[in-house]
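First comes the structure, then the notes that go with it.
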Amino acid sequence: MTEPTVMGSMAASFLEYAVGRGVPREALLNAAQIDEALLLDPDARVPVRSYGAMMGTAIGNTGDSGIALRYAAETGLEKLSIIGLIIDAAGPLEAGIAHVNRYARIIADVHIPHAPDRFELQRKGQTLWLIDHFPNANASPTAIEQTFANFVTNFRRMLPETTFLQGVSVTYPAPPHTDLYQDVFQAPVTFEARRNALALDAGCLDGLDATPKPYAFGLYTRHADALLTTLQRDESTRARVEAALLPDLHKGSVSMDDVARDLGMSRQTLYRRLKDEGVTFAEVHDQLRCQMAQEYLTGQKASVMETAYLLGFSEASSFVRAFKRWTGQSPSAYRAAHP
């Protein structure tokens, strides 16, 4: 199965951050199941599950559930990714966000099936809303935490001693490290909101030094274009289907017609391409449910009942039967064996 990935520089940076806080390097690498040599290349691709496993190990070793948020707030995006450098060189905020959308897959390979872009800017009076359309955010709150902390840290670097952040809205429930949100964002935070968004003072951001840096911008975007081309070339139809299915797994039955439309092809074309790769749509859906069930249950991320809901099972008993078919174990036994 083709897996979603993040760029190697992010994994390498988090590895060093966690080691600096006393987490054994070997424990992090063993959890991620990757060779450290891979991280020597900042443009390498690291499976999302490996990145998540490192975070889970760091949380377990430090007892700090907010270590991902803390890391993002203390590490500027320009130090992690070429995308941060592109934002700095692009000029006005709108241009920077447009290029983030263009190259977002380089940072984390996430498919957004029901929105044209991952990030959207909405102006309402003196408030500028920066909305993140990350799919299934409630299952991956650290993705929103890190993204928003990266943005705020970057803006704060450009606008020192300016109160530009009016509020933060996230769709997931308050985590154990809620107090850290106030320390990082220094603005009101609303949990279980209807969308994931930052409320920014438009006047402050309009006053940014938005002078483009054409030479640097050209160098950065040429490199980013090459990385993006490689990602697109290596992507299988199955991987695209999995990315389209992921945010809708909680709905249970997912239409092949809807997925084909999201991918810009007919049902017949999707069927043929999956057949060429040796799988059917139903098999991809079933195996993705299995993969995500194991992900949710590992590290106590979700209870058995919560996992059943997230995967679209109307009854827990149906989920238990499916999980036993997938793994030969009950969900409870699997969860107990993977604390």
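The values are calculated or read from the model by the stated rules, or taken from the named source; none is laboratory data. As the structure is a computational prediction, the values presented were derived from the model and not from experiment. Note that we place each Cβ from the backbone using ideal geometry, even for glycine, and neighbour counts take in every protein chain shown. Surface areas here come from the heavy atoms of the whole protein model, side chains and all, with no ligands, DNA or RNA. Shrake-Rupley method; radii C 1.70, N 1.55, O 1.52, S 1.80 Å.
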Tally up the residues in the stretch 322-339 that are more than 16 Å from LEU288 (Cα to Cα), assigned to a helix (DSSP H, G or I) and free of Cβ contacts under 8 Å to residues at least 24 places away in the same chain, please. 3
Within the set of pairs 6 or more residues apart or between chains, which connect a residue that is within 18 Å of ALA260 (Cβ to Cβ) and acidic (Asp, Glu) inside the stretch 276-295 to a residue that is assigned to a helix (DSSP H, G or I) and at pLDDT below 90 with Cβ atoms less than 9 Å apart? ASP276/THR237; GLU277/THR237; GLU277/ARG238
In the stretch 269-302, how many are touching a Phe, Trp or Tyr at 6+ places or on another chain (Cβ under 9 Å) and small (Gly, Ala, Ser)? 2
Conditions (1) within 26 Å of TYR296 (Cβ to Cβ); (2) modelled with pLDDT under 90; number of the one not met by ASN61: (2)
So in the stretch 303-321, with the set limited to residues that are in contact (Cβ under 8 Å) with a residue 40 or more places away in the chain and in contact with a helix residue (DSSP H, G or I) (Cβ under 7 Å, 6 or more places away or on another chain), which one is most open to solvent (accessible area, probe 1.4 Å)? TYR309
For the stretch 116-149, give me each residue that is out of contact with any Leu (no Cβ under 7 Å at 6 or more places or on another chain), open to solvent by less than 20 Å² (accessible area, probe 1.4 Å) and aliphatic (A, V, I, L, M). ILE131, ALA137, ILE144
Name the single residue, out of those in the stretch 10-53 being over 22 Å from GLY76 (Cα atoms) and part of a loop (DSSP other than H, G, I, E, B), that is least open to solvent (accessible area, probe 1.4 Å). ILE34
State whether one or more residues within the stretch 200-207 are crowded, with 17+ Cβ neighbours inside 10 Å and within 26 Å of MET55 (Cβ to Cβ). no
